[in-house]
Amino acid sequence: MYSQKVMENFANPKNVGVIEDADGIGTVGNPTCGDIMKMYLKIENDVITDAKFQTFGCAAAIASSSMATQMIKGKTIDEALTITNRQVIEALEGLPPKKIHCSVLAEEAIKLAIEDYRSKKKT
C-alpha cells in the first residue's frame, strides 16, 4: 500500500519536534480523518534555517510532514511557497489516492507557517 520512502519517513521521521522560539508556526487539520499537523519554522534573512513538525495522524500524514520539512530547509520563503502537495507525493514516491489529502496538509502547513512569520515581521 505504501512506498518504501513513505515507510522510511513514517518509521524514522526527520525533524520531529518543536522549535520553542519559532519565527513561524502553521497548524492545519482535517476533521474528516483526524490528522493534525503543526509546523515550526526558524527563518533568517528570509531563508528557512530549521523546520520541525508535530503530527497526530496516519503514516501518510507523518511521512508527508517529514518530507515537507526536509524539502524546505535551506530554501528561501519564496521558494518554499512554491512547493506543492504533488512535489511532496513525488518525493515520497507516491501515496494511495485516499491519502493524497495528507500531502495537501503538508503544503498548507508550510504556507500557514510562512504567513505567520510574515504577519509577525510586519509588527
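Coordinate-derived values only; no laboratory data. Keep in mind that what you see is a predicted model, and the values were worked out from it rather than measured. Using ideal geometry, Cβ is built from the backbone for each residue, glycine included, and neighbour counts are taken over all protein chains shown.
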Quiz item: If we count every other residue with Cβ under 12 angstrom of residue 29's Cβ, Lys/Arg +1 and Asp/Glu -1, where does the sum land?
Solution: -1
Quiz item: How many nm separate the modelled label positions at residue 93 and residue 16, each set 7 Å beyond the Cα in the direction of the Cβ?
Solution: 2.1
Quiz item: How high is the FRET efficiency between residue 3 and residue 56 when r is their beta carbon distance and R₀ equals 30 Å, given to the nearest 0.05?
Solution: 0.85
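What's the longest uninterrupted piece of the chain once you rule out the GluC sites (Glu not before Pro) that are loop residues per DSSP with at most 15 other Cβ within 10 Å?
Details: sites that count: 20, 93.
The longest uninterrupted stretch comes out as 21-92.
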Quiz item: Once both axes come from the Cα atoms, what is the angle between helix 59-72 and the longest principal axis of the chain, in degrees from 0 to 90, rounded to 10?
Solution: 40
Practice problem: Check the straight Cα-Cα distances from residue 120 and name the aspartates and glutamates below 17 Å, setting aside those fewer than 8 residues away within the same chain. | Solution: 20, 21, 23, 44, 46, 78
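Step by step: find N for segment 4-122, compute 2.2 N^0.38 Å, then divide the Cα radius of gyration by it. What's the final number? List each step's numbers first, then the result.
Values: Rg = 13.0 Å, N = 119, 2.2 N^0.38 = 13.5 Å.
Its radius of gyration relative to the 2.2 N^0.38 Å reference: 0.96.
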Practice problem: Rounded to whole Hz and in sequence order, give me ³J(HN,Hα) for segment 99-112 from the Karplus expression 6.51 cos²θ - 1.76 cosθ + 1.60, θ = phi - 60°, writing x for Gly and Pro. | Solution: 10, 4, 4, 5, 5, 5, 4, 4, 4, 5, 5, 4, 4, 5
